[in-house]
1. Can you give the relative contact order of the range 261-347 as a percent, counting alpha carbon pairs under 8 Å and 6+ residues apart?
2. Using unit Cβ charges (K, R positive; D, E negative) and no other charged atoms, how large, in debye to the nearest 20, is the dipole of the chain about its Cα centre?
3. Taking the dipole about the Cα centre of the range 287-394, with the C-beta of Lys and Arg at +1 and of Asp and Glu at -1, give me whichever of T365, A332, A303 is farthest to the positive side.
4. Considering the dipole of the range 26-165 built from charges on the beta carbon (Lys and Arg +1, Asp and Glu -1) around the Cα centre, which of Y107, P52, L91 is farthest to its positive end?
5. For the range 87-148, what mean projected area does the convex hull of the alpha carbons give, in nm²?
6. Within a 10 angstrom radius of the beta carbon, how do V216, V196 rank from fewest other beta carbons to most?
7. Note down the relative contact order for the chain as a percent, whole number, built from C-alpha pairs under 8 angstrom at least six residues apart.
8. Compute the Cα gyration tensor for the chain, then decide on rounded, prolate or oblate, letting a ≥ b ≥ c be the square roots of its eigenvalues: rounded whenever a/c is under 1.5, prolate when a/b is larger than b/c in the other cases, and oblate in all that remain.
Amino acid sequence: MLRTIVLLALSLPAAAQLRPDPSLLRTIDTNLRLAVVQYRYLAAHTPSGVLPRSFDSAAGSVTTSGSGWWTSGFFPATLLELYGVSKDTALYNEAFRRMRLLEREQYNKTTHDLGFMMYCPFGEAWRLTGSAADADILMNSARSLSTRFRRAAGVIRSWDHAPWQYPVIIDNMMNLELLMWASRHSGDTSFRHIAVTHAFTTMRNHYRPDYSSYHVVDYDTVTGAVLKRQTAQGYADSSDWARGQAWGLYGFTAMYRWTHDRRFLSQATHIADFILAHIPADRVPYWDYSDPRIPDTYRDASAAAVMASALIELAGYVPPAEGRRYLAAATAALRTLSSPSYRSAYGANGGFLLMHSVGNIPAKTEIDVPLSYADYYFVEAMLRYRALGGSNRF
Ligand code: GLY
C-alpha cells in the first residue's frame, strides 16, 4: 500500500493537480494520532491467539476470530499502516505477533479470501521490510488461491457451499492484487493471467447496464455458463448492496494500476458514477442503495471507507475535472467518517476507530457495529489523502 501511496504522490500527472483540503489534512493527522493509541488499546483488550473482528457492546468485549475467517488479516495490516506513519514499534511488534497466527493460511485452498487475509498484512510487511520470508508466504498464498480458478468459467471460485454450484461474489475482485503481486515478484505470468481473466469475466457477468453489480453469480462448473445472479448479503437479488459496489470500484481501480488496461479504468469510472449518483450527500451510503426503507435503515461506514480509498486512487488516473469530482466525494466521505457521528473516542467502541458498519443484515450478524475492515480502509484512505499533500509521516 505504501508503494501505492508513493505512486499517487509522485508519478501520476493527474494526481499532481489534485489539491487536498488543508483542514481535512489536519483532521486526518488528529485521527491518525488517535488511531495509534486506540489500536494499542484494542491490542491490549484482545486475547492472545485470536484476531479482533468487532465489538459486542452488550457484553463489553471485543469479538474475535481465528486465522481462517476472512477478516483475520485486517488488524495486523492496520497496525502496520499506523506503524508506517508513526514508527511506533509497539504497533509493529503487535502486528508481527498476530501475523504468526495467520501463517498457516498460506496453504488454505478452501477460501477465496486470501487477498484480504494475507496480501493486506504480509504485503504491507513485505513493503516495509523486503523480507524473503514474507514474500514466500505471499507466493504460497497466491498458489493456494490459484487452485480455485477454473478455465471453463474463467473465474476464481468464491464459496464451496450450497445452494450454489460455482459461486463467485463481487468481493472476489479484492483478492486479485495478491496474484498480480505474485506474478510481478516471481515472473510467473500464470498468476496474472488468472487475475486478468477473472476481472474480465466479472466485468461481463456481474454488472448490469447501469454499472451496478450483483453480489453472487453462480456458474456451471463444466460449461462455465451463468446459472443465476443473486444476493447473499444485500437487500434483494436485483438490489445494489453498498459494500459490493465499493469492492468492485476498488478492485477495478487496482486492476488498472497493475495492468494499465484502460478497460479496467473505464469500468471503475462507470462504477464510481453509479455510486455517486445514488449515495447521500454526506457520502456515507446506506447498507444497500435499493433498500426501500431508506432513510430509516442502516448506514455502512465500511462501504464508505472502501469507496473513499478507491476514489482517491481513481482520481489520480482520470482527467483533472473528473479527478476533482472523485476527490471531492472522497473528501466528503472522510469528513463525515471523521465526525463524532462515526469516529469513536479513545476507549469507546472497543478501541475500533469507526462506528456504524454492517456485516451481514440478511444473516442478522454484525449490524451497526465497528468492523476491523472498516478501520483498515479508513486508515488507508486517510494515508492516501495525506500522500496527495506529499506527506507520509507525522
Ligand atoms: N467479503 C465479505 C463482505 O464484504 O462482507
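Bear in mind that the values in this text are calculations on the coordinates, not laboratory data. This structure is a prediction, so every number in the text was calculated from the model and none was measured. Note: ideal-geometry Cβ built from the backbone for every residue, glycine included; neighbour counts use all protein chains shown.
1. Working: 76 pairs, mean separation 23.4, N = 87.
Relative contact order for the range 261-347 comes out at 27 percent.
2. Working: 39 positive and 34 negative charges, 148 e Å.
I would put it at about 720 debye.
3. Going by the Cα projections, it comes out as A332.
4. Of Y107, P52, L91, it is Y107.
5. On the way: hull surface 15.7 nm².
Its Cα hull, projected and averaged over all orientations, spans 3.9 nm².
6. Numbers: V216 23, V196 20.
Starting with the residue having the fewest Cβ neighbours, the order is V196, V216.
7. Working: 773 pairs, mean separation 78.0, N = 394.
Computed value for the chain: 20 percent relative contact order.
8. Details: a/c = 1.21, a/b = 1.14, b/c = 1.06.
Rounded is the answer for the chain, as its axis ratio a/c remains below 1.5.
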